[in-house]
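Reading through the structure tokens given below for one structure.
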Amino acid sequence: MAITKIVVDRNVCIGATPCVFAAGTVFEMDGDNKAILKQKNGVKTSGPAERSQLEDEAVADDTLMAAAQSCPVRAISLFDETGKQVYP
């Protein structure tokens with residue numbers, strides 16, 4: 001399995017920040033204290049974002065999974081190359 005797409009649900013995110021600590025090259029908090037994805041060319045979005053669009057597209061699957069699993073409200077969804085949701 002390879003994680004190829006990430007989505008942050010801004011309606012669920014509570015700004016707890018564990019995703020930033022687990023994968024700071026991928027996630028940061030915006031002005032509303034919600035998690036966003038750091039994409040190439042300075043783009044910041046909650047997604048959906050293909051892995052190839054990430055500023056750090058070489059980030060390990062384990063790191064992405066750890067970031068998603070660290071979210072206390074499960075606001076981060078991960079999808080594999082077939083489009084199947086692999087977390088949560």
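The values are calculated or read from the model by the stated rules, or taken from the named source; none is laboratory data. None of these values were measured; they are calculated from a predicted model. Here the Cβ positions follow ideal geometry from the backbone for every residue, glycine too, while neighbour counts run over all protein chains shown.
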Report summary line: For the stretch 38-53, pairs from a residue that is of a type in the set (A, V, I, L, M) to a residue that is part of a strand (DSSP E or B), with Cβ under 9 Å and 6 or more apart or across chains, are 43/37; 43/49; 49/5; 49/6; 49/7; 49/8; 49/37; 49/39
Query - Failed item in (1) at pLDDT 95 or above; (2) crowded, with 16+ Cβ neighbours inside 10 Å, with residue 14 passing the rest - result: (2)
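The rows are residues; the columns are (1) among the aromatic types (Phe, Trp, Tyr); (2) modelled with pLDDT of 95 or more; (3) touching a strand residue (DSSP E or B) at 6+ places or on another chain (Cβ under 8 Å); (4) exposed (fewer than 15 other Cβ atoms within 10 Å of the Cβ).
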{"position": "1", "(1), (2), (3), (4)": "no, no, yes, yes"}
{"position": "4", "(1), (2), (3), (4)": "no, yes, yes, no"}
{"position": "20", "(1), (2), (3), (4)": "no, yes, yes, no"}
{"position": "27", "(1), (2), (3), (4)": "yes, yes, yes, no"}
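Hey, could you check the stretch 58-88 for residues that are part of a loop (DSSP other than H, G, I, E, B) and without any contact (Cβ under 8 Å) to a residue 12 or more places away in the chain and say which is surrounded by the fewest Cβ atoms within 10 Å (Cβ to Cβ)?
Of the residues in the stretch 58-88, the ones part of a loop (DSSP other than H, G, I, E, B) are 58-60, 71-75, 81-84, 88.
Now narrow it down to the ones that are without any contact (Cβ under 8 Å) to a residue 12 or more places away in the chain: 58, 60, 82, 84.
Numbers: 58: 7, 60: 11, 82: 9, 84: 9.
Residue satisfying both the conditions and the ranking: 58.
Quick one: would you say residue 42 is at pLDDT below 95, out of contact with any helix residue (DSSP H, G or I) (no Cβ under 8 Å at 6 or more places or on another chain) and on the phi > 0 side of the Ramachandran plot?
On the way: at pLDDT below 95: yes; out of contact with any helix residue (DSSP H, G or I) (no Cβ under 8 Å at 6 or more places or on another chain): yes; on the phi > 0 side of the Ramachandran plot: yes.
Answer is yes for this residue.
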**Report entry** Number of the exception - residue 86 against (1) under 10 Å from the mean Cα position of the chain (by Cα); (2) among the aliphatic types (A, V, I, L, M); (3) within 13 Å of residue 5 (Cβ to Cβ)
**Finding:** (1)
Query - Checklist (1) outside any helix (DSSP H, G or I); (2) surrounded by fewer than 16 Cβ atoms within 10 Å (Cβ to Cβ); (3) under 13 Å from the mean Cα position of the chain (by Cα); (4) not polar (S, T, N, Q) applied to residue 32, failing item - result: (3)
